[in-house]
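Undergrad: After the structure tokens below, expect a handful of questions from me.
The values are calculated or read from the model by the stated rules, or taken from the named source; none is laboratory data. Keep in mind that what you see is a predicted model, and the values were worked out from it rather than measured. A quick note on method: Cβ atoms are made from the backbone with ideal geometry, for glycine too, and the neighbour counts reach across all protein chains shown.
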Amino acid sequence: MIDAHCHLNFHAFEKDYDAVIKDALKAGVTKIINVGTKIDSSAKAVELAQKHDNLYAIVGVHPHHADKLEEGWIKQLEKLAKNAKVVGIGEIGMDFYSYKSNAIVDPQLQKDVFIKQIELAFKLKLPLQIHNRHAAKEILDILINHKSYLLNPPGMFHCFAGSIEILRKVLDLGFYVGFDGNITYKGIAPGETTSLLDLVKHTPLDRIVTETDSPFLTPEPKRGSRNVPSYVIITGKALAKIKGVDLEVFEAKTTENARTIFKLDTK
């Protein structure tokens, strides 16, 4: 199984990322995609990917950091993105949720940074990994207006949430959909109207990608502890059960999906 989105480049793993990677591979995770959220964490993702054969990097600026960029950031990002182990631009997008640690960044600034990274991805022929929280309409408007900049496939929406209508529009644009450990949680997340269970049921198996978002969104029954890439297998088992397919079938298809998006066989 492939973990298509984690953050081994974050402080939560600074003392044991090597061991965490080894544990994941031993558990049956075949590939791990490590994702940046700003320039320095993107650089760290590339650094780690160069040290491990089965580790890849995605580089980008998260909407939370759109107001903290220095001059020349897009050139720095382009330089990082040209590394052979980089398989996408992300996590990028828009976020209108007000976190305790980070207020909502100016929407226009988020939009400008998002568009610049879409243009960079097109220039380098790299797929997108999209972050969306309570900003689906704005994100979809931008993607539709920049449809000529999207690859085939264009990429994936990370940690998907939203409505069935939003899901259909995302699928119509050709995107794949990532689900995380929070599919094992009860209830509906704050600000959402549709359960993740219903979203999984409405997503075709040939468009689903598994991910952890480590160190966040630890699946049950491990919730409360640090999430790690090996737990993608727990999430995968839960997803396979929801879809009503054998785990082997689910694993083979979602692995194929991730390879298709990120061209992993050619890296």
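Undergrad: Please tell me if residue 241 is surrounded by 15 or more Cβ atoms within 10 Å (Cβ to Cβ) and without any contact (Cβ under 8 Å) to a residue 12 or more places away in the chain.
TA: no
Undergrad: Scan the range 139-147 and tell me whether some residue there is over 24 Å from residue 259 (Cα atoms), in contact with an Asp or Glu (Cβ under 7 Å, 6 or more places away or on another chain) and surrounded by 20 or more Cβ atoms within 10 Å (Cβ to Cβ).
TA: No, because not a single residue in the range 139-147 is over 24 Å from residue 259 (Cα atoms), in contact with an Asp or Glu (Cβ under 7 Å, 6 or more places away or on another chain) and surrounded by 20 or more Cβ atoms within 10 Å (Cβ to Cβ).
Undergrad: Hey, another quick one. Being surrounded by fewer than 19 Cβ atoms within 10 Å (Cβ to Cβ), of a type outside the set (A, V, I, L, M, F, W, C) and more than 29 Å from residue 36 (Cβ to Cβ), is that true of even one residue in the range 216-231?
TA: Yes, the range 216-231 has at least one match.
Undergrad: Of the residues 261, 234, 183, which is part of a helix (DSSP H, G or I), over 17 Å from the mean Cα position of the chain (by Cα) and buried (at least 19 other Cβ atoms within 10 Å of the Cβ)?
TA: Within the list 261, 234, 183, the selection yields 234.
Undergrad: Wholly within the range 1-119, which strands (runs of 3 or more DSSP E) include no fewer than the required count, namely at least 1 residues that are more than 17 Å from residue 262 (Cα to Cα), touching a His at 6+ places or on another chain (Cβ under 7 Å) and not small (Gly, Ala, Ser)?
TA: 86-95
Undergrad: So if I check each of 21, 33, 58, 92, which one is touching a Cys at 6+ places or on another chain (Cβ under 8 Å) and crowded, with 18+ Cβ neighbours inside 10 Å?
TA: None of the others qualify; the one that does is 33.
Undergrad: Next question, about the same structure. How many residues does the range 171-193 hold that are of a type outside the set (Phe, Trp, Tyr) and either within 26 Å of residue 256 (Cα to Cα) or modelled with pLDDT of 95 or more (or both)?
TA: Residues meeting the conditions: 11.
Undergrad: Inside the range 134-156, can you point out the residues that are of a type in the set (A, V, I, L, M, F, W, C), under 12 Å from residue 175 (Cβ atoms) and in contact with a strand residue (DSSP E or B) (Cβ under 7 Å, 6 or more places away or on another chain)?
TA: Across the range 134-156, the qualifying residues are 139, 156.
Undergrad: May I pose another question? So which residues in the range 166-176 are in contact with a helix residue (DSSP H, G or I) (Cβ under 9 Å, 6 or more places away or on another chain) and either assigned to a helix (DSSP H, G or I) or crowded, with 23+ Cβ neighbours inside 10 Å (or both), if there are any at all?
TA: Correct list: 166, 167, 169, 170, 171, 175, 176.
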